[in-house]
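Student: Here it is, the structure in full.
The values are calculated or read from the model by the stated rules, or taken from the named source; none is laboratory data. Because the structure is predicted, anything quoted here is derived from the model rather than measured. Cβ placement follows ideal geometry from the backbone for every residue including glycine, while neighbour counts extend to all protein chains displayed. The area values use the complete protein model at the heavy-atom level, side chains included, leaving out ligands, DNA and RNA. Shrake-Rupley method; radii C 1.70, N 1.55, O 1.52, S 1.80 Å.
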Amino acid sequence: MPEGISHFPTMELGNSSAARHLGSCFRGVNVSQEHLTSPWFATTFGLIGLFSNLFALGALVNSSRKMQSSSGSSFLVFLCGLVVTDLLGLLLTFVIVIPYHFLQFEWTDVDPGCHLCNFMGFVMVFFGQCPLLLGATMAGERFVGINRPFSRSAGISKRRAWTLVGVVWALGFFFGLLPFFGLGNYSLQYPNSWCFLTLVHDARNVVFCFLFALLGLLSVGLSFIFNTVSVVTLCRVYHDSESVQRRRDSEVEMMVQLLMIMVIASVCWLPLL
């Protein structure tokens, strides 16, 4: 992720009349071209991410057909929702960032009204928050399944699991729309290849940034609490009878995957949050 936002002298935008016709996403940022890395660097890592998610999605679809337990099926649904979210997020940012690196176009010429920039800012916020929210949802579902196994006789069905995924997407979608309703705004970010929330000392932007960080930290915090309690519970009951142990083996496998998701999300997002 880029290091920050660089400020610019007003002459970067030409005369004041031209500056007034530009959208709000150009206020306080340097819109001059500055190409720092080879376009193949971003392309390579983008393609690796896309193909990795496609491979994971195929593996999950194949596993869901063979899975018989309701707990495993619901967990695979959440994993599938997580992979689909990451895949779409990579794809939508890929089709904007990669052309910029190859063409080095001027944002003020291509998108003077900030429509593309606002869309990319929304994509960054939506697909940034949804994996964290899905991680917390998965941790909560496993917490209930492991610590309160008799509170739900048949576990969460696939339909209910997809409903929860839809609720998470709806929450992320609503949150990403807040700048369009006046709470903060999206702006071009250094080195002018992407757009994100605006990190300036303006009341509305400060509130939006605070809400973004608070929601992300809350998601990571809940994931840590739920996962810690679930792991402790599994350690206590893992050496029970053989039939229970087979079921617990499946629970342990899911918890290992969930812990890996939590660690990766924490490493990637906590410094920014």
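Student: Whether any residue in the stretch 140-154 is among the aliphatic types (A, V, I, L, M) and out of contact with any Ser or Thr (no Cβ under 9 Å at 6 or more places or on another chain) is what I want to check.
Tutor: Applying the first criterion (among the aliphatic types (A, V, I, L, M)) to the stretch 140-154 yields 144, 146, 154.
Still in the running and out of contact with any Ser or Thr (no Cβ under 9 Å at 6 or more places or on another chain): none.
Looking through the stretch 140-154, none of the residues is among the aliphatic types (A, V, I, L, M) and out of contact with any Ser or Thr (no Cβ under 9 Å at 6 or more places or on another chain).
Student: Which of the residues that make up the stretch 157-205 are touching an Asp or Glu at 6+ places or on another chain (Cβ under 8 Å) and at pLDDT 90 or above?
Tutor: Correct list: L164 only.
Student: In the stretch 132-152, how many residues are open to solvent by 30 Å² or more (accessible area, probe 1.4 Å) and in a helix (DSSP H, G or I)? Outline the logic, then answer.
Tutor: First, the residues of the stretch 132-152 that are open to solvent by 30 Å² or more (accessible area, probe 1.4 Å): 137, 143-144, 147-152.
The next check asks that each one be in a helix (DSSP H, G or I); those that pass are 137, 143-144, 147, 149-151.
Total meeting the criteria: 7.
Student: Any idea which residue in the stretch 190-208 is most open to solvent (accessible area, probe 1.4 Å), counting only those that are outside any loop (DSSP other than H, G, I, E, B) and over 15 Å from C117 (Cα atoms)? If you could, list the steps in order and put the result at the bottom.
Tutor: Within the stretch 190-208, the first condition is being outside any loop (DSSP other than H, G, I, E, B), and the residues that meet it are 194-197, 203-208.
Cutting the leftovers down to over 15 Å from C117 (Cα atoms) gives us 203-208.
On the way: A203: 77, R204: 146, N205: 8, V206: 71, V207: 68, F208: 1 Å².
Once the filter is applied, the top-ranked residue is R204.
Student: Ok, one more. Return yes or no: is D86 assigned to a helix (DSSP H, G or I), acidic (D, E), surrounded by fewer than 22 Cβ atoms within 10 Å (Cβ to Cβ) and touching a helix residue (DSSP H, G or I) at 6+ places or on another chain (Cβ under 8 Å)?
Tutor: yes
Student: Let me ask something else. Regarding S64, is this residue more than 27 Å from C114 (Cα to Cα), open to solvent by 40 Å² or more (accessible area, probe 1.4 Å), at pLDDT below 85 and not charged (D, E, K, R)? Write out each step before concluding.
Tutor: Working: more than 27 Å from C114 (Cα to Cα): yes; open to solvent by 40 Å² or more (accessible area, probe 1.4 Å): no; at pLDDT below 85: yes; not charged (D, E, K, R): yes.
Judged against the criteria, S64 is not a match.
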